[in-house]
Amino acid sequence: MKNVILFDSDARENLLPLTFTRPVAELRVGILTISEKWARRLDANISYITQDYLTRKYPITIASDNIVINASALPSPYLLRLIQQLEFNEALLKNGELIAARLNEAQFQSLIHDEEIEELQGFDVEDTPYTQITQPWEIYLHNGQEIKEDFELLTKDRTSQPISNTNQVIKPENVFIEEGASVECSILNATDGPIYIGKDATIMEGAIIRGPFALGSNAVVKMGARIYGKTTIGPYSKIGGEVSNSVVTGYSNKAHDGYLGNSVLGEWCNLGADTNTSNLKNNYTPIKLWNYKAERFLPTGQQFCGLIMGDHSKCGINTMLNTGTVIGVSANVFGAGFPRNFIPSFSWGSTNGFSTYTTTKAFETAKLVMVRRKVELSQEDIAILENISAQTAKFRRWEK
């Protein structure tokens with residue numbers, strides 16, 4: 001198998017808070033994460049060049065023959081062909097940015113030490129069609145097309161499990177159900193894109209789903225849920241109410257009524273009953289979103305943008321979230337009214353004010369949440385979260 005190393009580019013800072021707890025390659029877009037896409041497309045072992053504090057959980061493997069790929073780039077037939085044709089000492093560049101290279105071990109060591117690689121020949125791929133994820137909203141913008149691409153990859157030459165005749169299905173040829181999944185008394189409309197139901201997942205009675213839609217393994221769509229297309233619900237998540245064009249990375253819950261639109265949630269998040277996100281301003285103008293690198297709100301150019309939420313964050317019942325809200329890692333938000341549209345990591349509070357959610361209390365909660373899914377909060381996870389707490393202290397201005 002090929003040895004592929006996916007590296008965090010400058011886009012990583014723009015993708016915070018989602019990339020506080022993971023390399024860019026572990027973002028989910030479509031059915032699969034970026035790393036899973038490359039692993040399957042190139043028949044490769046995957047490792048990472050990422051932030052120092054993430055390397056124990058996401059290590060690097062160096063071989064005598066390494067294909068190094070910018071993790072913000074998604075596979076396309078054209079880009080795959082160029083990468084597979086690379087010889088040693090050759091690289092693909094887009095406007096001077098490294099997209100991919102084939103390097104021996106010595107050259108790779110030069111790369112990670114930011115040293116010049118001698119005799120490296122670059123080829124421009126500016127006109128090569130492929131997608132890059134460099135901003136949080138691009139995850140949901142490209143999610144529909146990526147569901148279609150991943151669906152074709154995962155289901156090629158395979159047969160779906162039978163669709164129960166208790167369901168009402170439009171375009172059943174575009175519906176694929178993995179082994180162990182349960183789908184009963186639901187309406188599935190795959191006219192505009194495929195519907196993928198992962199292994200051991202459940203769609204309960206009365207759910208109404210339009211494709212393109214992906215449900216990860218062991219995930220649950222609750223009774224009466226209304227889910228519009230271009231939506232991905234990652235593994236071990238529970239979803240109810242109304243959802244449109246959103247990505248839930250995995251292990252997160254929005255189990256009750258309330259609206260989630262044009263949003264991206266990390267792992268181990270929970271939205272309380274009747275939490276609602278606004279994804280469109282009343283005056284229909286483009287939305288600004290908090291940018292960690294600039295430390296201010298920047299224009300997105302997008303008319304629709306809801307919630308970007310980092311791992312381990314929670315909202316209480318009846319929480320109302322303004323258009324373009326960014327919530328960091330391990331934040332706990334509750335109470336009446338609209339909280340501010342940037343809430344730092346390890347915050348606890350409401351419109352009446354915030355205090356610091358101490359790591360001791362945050363870890364106690366995380367352990368209780370994770371054990372329900374039979375997952376342990378490891379020492380690696382704790383070290384990562386402690387680092388994030390320290391990194392983001394400057395945004396918790398009440399501490400000063």
* Determine, at each q value in 0.10, 0.22 (inverse angstroms), the log₁₀ of I(q)/I(0) that the Debye formula gives when each Cα of the range 2-124 is one equal point scatterer. => -0.27, -1.45
* **Whether the range 208-262 is rounded, prolate or oblate, judged on the alpha carbon gyration tensor where a/c under 1.5 counts as rounded** => rounded
* **Isotropic mean projected area of the C-alpha convex hull, the range 348-388 (nm²)** => 3.4
* Under the definition of Cα pairs under 8 Å and six or more residues apart, what whole-number percent is the relative contact order of the range 137-399? -> 10
* Asked: In the structure displayed, which of 230/361; 57/288; 367/394; 230/293; 94/293 lie more than 31 Å apart, Cα to Cα?
  -> 230/361; 57/288
* Calculated FRET efficiency, residue 358 and residue 380, Cβ-Cβ r, R0 30 Å, to nearest 0.05? -> 0.90
* Asked: Over the range 2-124, what relative contact order in percent results from Cα pairs under 8 Å that are six or more residues apart?
  -> 26
* Asked: After finding the eigenvalues of the alpha carbon gyration tensor for the chain, what semi-axes result from the square roots of 5 times each, listed largest first in whole Å?
  -> 33, 28, 19
* Asked: Using helices alone, what [θ] at 222 nm do you get for the chain, with -39,500 (n - 2.57) per DSSP H run of 4 or more residues, divided over all residues and rounded to the nearest 500?
  -> -5000 deg cm²/dmol
* Asked: Per residue, how much space in cubic angstrom lies within the convex hull of the C-alpha atoms of the range 53-179?
  -> 193
* **Compactness of the range 260-325 - radius of gyration and Dmax, Cα, Å** => 12.1, 34
* Report relative contact order for the range 243-400 in percent, whole number only (criteria: Cα-Cα under 8 Å, sequence separation at least 6). => 16
* Asked: Gain in length, residue 64 to residue 87, computed as 0.36 nm per residue apart minus the alpha-carbon separation, to one decimal in nm?
  -> 7.0 nm
* Share antiparallel - DSSP beta bridges, the chain, percent rounded to 5 -> 25
* Structure fact -> Cross-link reach from residue 400 to lysines, straight Cα distance under 17 Å and at least 8 residues apart if same chain, gives none
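Once you mark the GluC sites (Glu not before Pro) that are in a DSSP loop and have at most 16 other Cβ atoms within 10 Å, what is the longest gap between them in the chain?
Between exposed loop sites, the widest span is 206-294.
None of the figures in this text is laboratory data; all of them are computed from the coordinates on show. As the structure is a prediction and not an experimental result, all values here were calculated from the model. Cβ sites come from the backbone with ideal geometry, for glycine too, and all protein chains shown count toward neighbours.
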